[in-house]
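Read through the structure below, which is laid out as structure tokens, and then see the notes.
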Amino acid sequence: MTVLLAAVMILAALAALGVVLSRQTMYSALSLVTTVAMLSVLFLLLNAQFLFAVQLIIYAGAVMVLFVFIIALLSPDVEDRPALDYRAIIGLAGVAAVTILVFVVARNGVPYNDQGFRAVQLNAACAHLTTSHPPCDPYSTFSFPVDAVNAAGNVQTVAGQLFTNYVFPFEVTSLLLLVAAIGAVYLTRRSN
Amino acid sequence: MISANLFPYLLGLAAFLFSAGAAGVLIRRNPIVVFMCIELMLNAGIVALIAYGRFLNSEEGQVFAFMVIVVAAAEVVVGLALITQIFRLGRELDVDELNEMSD
């Protein structure tokens, strides 16, 4: 499982680099399809089955078909600069810096209010182990039970939140989609 | 079953995707590729939300990731309509050339 996760994450990162660095627009689109597919597998490994399906249907299905259709329609030129000029190198250095920074911070925890996120996590994980004779080190050994959140099933759980606590944001997103559809029709109408 | 010590790697992946998308928005000149890089940044947000939701034992991360996907779909629809309209006006597809508002 860990090997699969590592392979998926490395492939997603490489395909993301392909999106940024490809000179052909169509290659960028195909790299983005790869990234999206790999991320959907990642969601499946993280027990987000509903979002796995949504990611495949909406991103790899609808959004990427729209991108490829627009690329085929407009057929933009190949950019006339080398793929790795000084701007790309500066950008890649920034990408590496941000990634390493976030990884180190997440690894060591962010101390705030004398209890960082990691401390909270450790306490929550060790809460039920009051009489453990080896010292509780859940951050390295504890793996969260699969059914802790998804006891009733992933779709039921997400839908339960979506239609009770978050029903107002859900309705607002429907309004957003309506506005986007009207805006797209307005923008692409043939002016007379 | 994924152990919790993989959580920093997931956040690192999210940071990598976001910063790669941001660098692409700054570097690339083709507006279609710029929109793809914005999609990368939104995907990074989704990854971070789902990872946090998984390792904090909360399903609300998935709810908000769902909202982000909806917003990304709406953004792509309007953005590609704009690109199509720019192309129809006979303009070159280059974000460095579209600078009327700054002149």
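Looking only at the range B:28-43, count how many residues are in a helix (DSSP H, G or I) and within 7 Å of chain A (Cβ to nearest Cβ).
The first filter runs over the range B:28-43 and keeps only residues in a helix (DSSP H, G or I), leaving B:31-43.
This time we only want the ones that are within 7 Å of chain A (Cβ to nearest Cβ), so: B:32-33, B:36-37, B:39-40, B:43.
Qualifying residue count, the range B:28-43: 7.
Among the candidates A:LEU17, A:LEU66, A:LEU74, A:LEU39, which residue alone is within 28 Å of B:VAL95 (Cβ to Cβ), at pLDDT 95 or above and facing another protein chain (nearest Cβ under 7 Å)?
Numbers: A:LEU17 fails: at pLDDT 95 or above; A:LEU66 fails: at pLDDT 95 or above; A:LEU74 fails: at pLDDT 95 or above.
One residue alone meets the criteria, A:LEU39.
Looking at (1) facing chain A (nearest Cβ under 7 Å); (2) closer than 30 Å to A:ASN150 by Cα, find the lone condition where B:ILE46 falls short.
(1)
Scan the range B:73-94 for residues that are more than 7 Å from chain A (Cβ to nearest Cβ) and under 30 Å from A:LEU56 (Cβ atoms) and report the count. So that I can check it myself, show each step before the final result.
So in the range B:73-94, the residues more than 7 Å from chain A (Cβ to nearest Cβ) come out as B:75, B:79, B:86, B:88-92, B:94.
Keeping just the survivors that are under 30 Å from A:LEU56 (Cβ atoms) gives B:75, B:79.
Within the range B:73-94, residues that are more than 7 Å from chain A (Cβ to nearest Cβ) and under 30 Å from A:LEU56 (Cβ atoms) number 2.
From B:GLY21, B:GLY53, which residue is more than 7 Å from chain A (Cβ to nearest Cβ), at pLDDT below 95, more than 15 Å from A:LEU32 (Cα to Cα) and crowded, with 20+ Cβ neighbours inside 10 Å?
Values: B:GLY21 fails: more than 15 Å from A:LEU32 (Cα to Cα).
Result of the check over B:GLY21, B:GLY53: B:GLY53.
Output the residues belonging to the range A:165-192 that are closer than 11 Å to B:VAL70 by Cβ and either β-branched (Val, Ile, Thr) or touching a residue at least 40 places away in the same chain (Cβ under 8 Å) (or both).
Result: A:VAL172, A:THR173.
Can you go through A:ARG81, A:ARG118 and tell me which one is modelled with pLDDT under 75, more than 30 Å from A:ALA184 (Cβ to Cβ) and under 22 Å from the mean Cα position of the chain (by Cα)?
Working: A:ARG81 fails: under 22 Å from the mean Cα position of the chain (by Cα).
Within the list A:ARG81, A:ARG118, the selection yields A:ARG118.
The values are calculated or read from the model by the stated rules, or taken from the named source; none is laboratory data. The model shown is predicted, which means the values in this text are computed figures rather than measured ones. When we count neighbours, we look across all protein chains shown, and the Cβ atoms used for this are built from the backbone with ideal geometry, even at glycine.
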